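A.B. asks: For reference, the structure I am asking about is given below.
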Amino acid sequence: MNFQTMNKQRKFILIAAAVGLISIFLPWVTVSFGGFGGGSVNGFHGSGILVFLGFAGAGVVSYLGDQTKTLEKTMWMVALLAGGVAALFTVINLVNILTTSYVSAGFGLWVAVAACAGILYSAWMYKNPGDDIKSGFDSLKKDIGDKTNQPPQA
């Protein structure tokens with residue numbers, strides 16, 4: 001992999017995914033008991049594992065294929081879905097934390113929110129001009145159908 005010749009879309013998705021993966025290990029929840037101390041918990045618990053998988057998926061997709069070109073339609077859709085899964089579960093965690101007493105959102109959770117936004121923004125803004133959501137889903141369905149209808153290889 002030559003990072004210098006990598007397409008801008010792939011490069012930004014890869015950077016945002018790497019930042020997101022790091023954010024999983026930073027504090028997502030900070031617990032405070034007034035003057036009696038407190039603690040923190042990282043994001044690698046519960047639905048945070050799905051966030052981790054979303055970041056990992058987006059990073060892998062940005063690395064596959066011809067790195068000098070934008071993501072092809074199917075891989076672009078997979079990157080959007082992986083970023084969307086990460087964003088959905090990050091926001092669910094954030095809402096749960098913000099509505100709980102004695103608990104506040106940690107630095108890692110805010111970094112994860114920014115990383116999700118970075119993946120989705122980069123995938124969408126630097127896409128091929130002819131790509132849209134409908135054609136992306138159609139391409140994804142076609143590729144999945146082609147792979148499932150192939151006879152087993154000996």
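A.B. asks: For the chain, what does the relative contact order come out to in percent, with C-alpha contacts under 8 Å and a separation of six or more?
C.D. replies: Reported as a whole number, the value is 33 percent.
A.B. asks: Lys and Arg at +1, Asp and Glu at -1: add these up for the other residues within a Cβ distance under 12 Å of Asp131 and post the number.
C.D. replies: 0
A.B. asks: Considering only the other residues whose Cβ falls under 15 Å of the Cβ of Thr68, what net charge follows from Lys and Arg at +1 and Asp and Glu at -1?
C.D. replies: Result for the neighbourhood of Thr68: +2.
A.B. asks: Number of Lys-Lys pairs in the chain under 24 Å by Cα, sequence gap 8 or more or different chains?
C.D. replies: Taking the chain as the scope, the lysine pair count is 21.
A.B. asks: If you line up the long axis of helix 8-24 against the longest principal axis of the chain, both from Cα atoms, how many degrees apart are they, to the nearest 10?
C.D. replies: So the helix axis and the longest Cα principal axis differ by about 30 degrees.
A.B. asks: Would you be so kind as to identify which of Met75, Gly57, Ile22 lies farthest towards the positive end of the dipole of the chain, taking Lys and Arg as +1 and Asp and Glu as -1 on Cβ and the Cα centre as origin?
C.D. replies: Result: Met75.
A.B. asks: Measure nothing but the geometry: give the 0 to 90° angle between the long axis through the Cα atoms of 48-63 and the longest principal axis through the Cα atoms of the chain, rounded to 10°.
C.D. replies: Compared with the principal axis, the helix lies near 30 degrees.
A.B. asks: When the helix-only estimate is applied to the chain (DSSP H runs of n ≥ 4, each -39,500 (n - 2.57), divided by the residue count), what is the mean residue ellipticity at 222 nm, nearest 500 deg cm²/dmol?
C.D. replies: Taking each H run of at least 4 residues, the total per residue is -21000 deg cm²/dmol.
None of the figures in this text is laboratory data; all of them are computed from the coordinates on show. Since we're looking at a predicted model, the values are computed, not measured. Using ideal geometry, Cβ is built from the backbone for each residue, glycine included, and neighbour counts are taken over all protein chains shown.
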